[in-house]
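Worksheet: one structure, shown below.
The values are calculated or read from the model by the stated rules, or taken from the named source; none is laboratory data. Keep in mind that this is a model prediction, so the values were computed, not measured. Because the Cβ atoms are built from the backbone with ideal geometry, glycine has one as well, and the counts that use them run over all protein chains shown.
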Amino acid sequence: MKKEKSTEKNILIAFVLNLVFSLIEIAGGLFTNSVAILSDAIHDFGDAFSIGFSYFLERKSKKKPDETYTYGYLRYSVLGAFITTIILTIGSIVVLTGAIFRIIHPVSLHYEGMILLAVLGIVINFLAAYKTREGDSLNQKAVNLHMLEDVLNWVVVFIGAIVMKFTDITYIDSIMSIGIALFLLKQALENLKNILNLFLAKVPSNLHVDEIKKELLKIPKVENVHHIHVWSMDGVHHYATMHVVVSGKYDFELKNTIKDKLKEMGIMHSTLEMENREEECTESECVVAPVNISHQHHHHE
């Protein structure tokens with residue numbers, strides 16, 4: 001619980017740091033005329049908004065299951081990650097168009113101001129990244145990823161500003177901005193893919209139905225496993241349901257052995273339907289599956 005509480009607190013700290021800093025950035029971007037800084041301000045502002053949103057959703061996701069949400073509220077955390085990622089995607093596209101426009105219509109920049117802002121940006125975002133580094137939820141990871149990206153962005157702006165100060169090649173600013181935007185877009189799309197996989201109830205990437213089956217068939221008395229469903233609520237808490245055909249009488253110890261085995265594989269919540277060899281499974285997915293499959297040869301669902 002302590003870790004979960006700190007997740008919330010850290011997200012809140014990141015929110016405050018981001019909000020304050022994005023306001024400084026907007027002023028700084030306008031003062032220095034830098035599209036890279038302004039684009040980062042848009043991104044940071046979006047971050048601050050979505051982090052604030054994530055904070056409330058993260059809190060809600062900790063609520064215990066009830067009659068309305070029998071699985072609990074874990075998906076709210078994923079929703080937070082989804083909204084954050086969408087904002088990041090839109091922000092990146094806005095930044096790209098702004099930077100391309102600036103290449104066509106260049107302006108003069110205030111390099112010293114850029115250098116100063118970049119140093120400040122590196123420090124503040126490093127603190128926020130450090131604060132959000134722990135935690136398993138996709139939401140926390142999305143927030144942490146943003147903070148790390150922001151540190152990188154500012155390192156890029158810092159180096160760019162120094163180079164421009166000595167060379168006076170102003171389009172470096174726009175090129176940096178495009179680089180930052182493309183990097184963010186790539187990250188956002190990868191995040192989006194993970195989130196969609198969760199909502200589409202895809203089997204978690206670290207689990208394989210064939211492997212689960214193989215491991216369970218090694219347990220004595222387990223004759224066959226079928227009708228396997230594996231999914232994840234939030235990328236951390238994995239669930240499974242399955243039918244297990246056993247030889248002999250029903251044995252709760254065997255059931256616990258199976259559950260323990262599943263826990264070892266990362267499935268914390270499992271629902272098992274125990275069947276006897278003679279029993280006929282009437283569910284459509286099972287009728288296709290011959291029940292008397294030997295340990296050596298088991299079919300794939």
Qualifying residues in the range 225-249 (those that are touching a Ser or Thr at 6+ places or on another chain (Cβ under 7 Å) and of a type in the set (A, V, I, L, M, F, W, C)) - the one surrounded by the fewest Cβ atoms within 10 Å (Cβ to Cβ):
VAL236
Since PRO204 meets every condition but one in (1) touching a residue at least 60 places away in the same chain (Cβ under 8 Å); (2) surrounded by fewer than 17 Cβ atoms within 10 Å (Cβ to Cβ); (3) in a loop (DSSP other than H, G, I, E, B); (4) not aliphatic (A, V, I, L, M), which condition does it not meet?
(2)
Hits in the range 7-47 (condition: among the hydroxyl-bearing types (Ser, Thr, Tyr) and either closer than 17 Å to ILE87 by Cα or not in a loop (DSSP other than H, G, I, E, B) (or both))
THR7, SER22, THR32, SER39
Taking interchain pairs and intrachain pairs at least six residues apart, which have beta carbon atoms under 8 angstrom, with the first residue in the range 1-22 and at pLDDT below 70 and the second buried (at least 16 other Cβ atoms within 10 Å of the Cβ)?
LYS3/GLY135; GLU4/LYS62; SER6/GLY135; THR7/GLU58; THR7/GLY135; THR7/SER137; THR7/GLN140
Filter the range 203-259 for residues that are of a type in the set (Phe, Trp, Tyr) and within 33 Å of the chain's Cα centre (by Cα); the one that is farthest from THR70 (Cα to Cα) is TRP231
Subset of the range 66-115 that is among the small types (Gly, Ala, Ser) and within 18 Å of PHE56 (Cβ to Cβ) - its residue that is farthest from the chain's Cα centre (by Cα)
GLY72
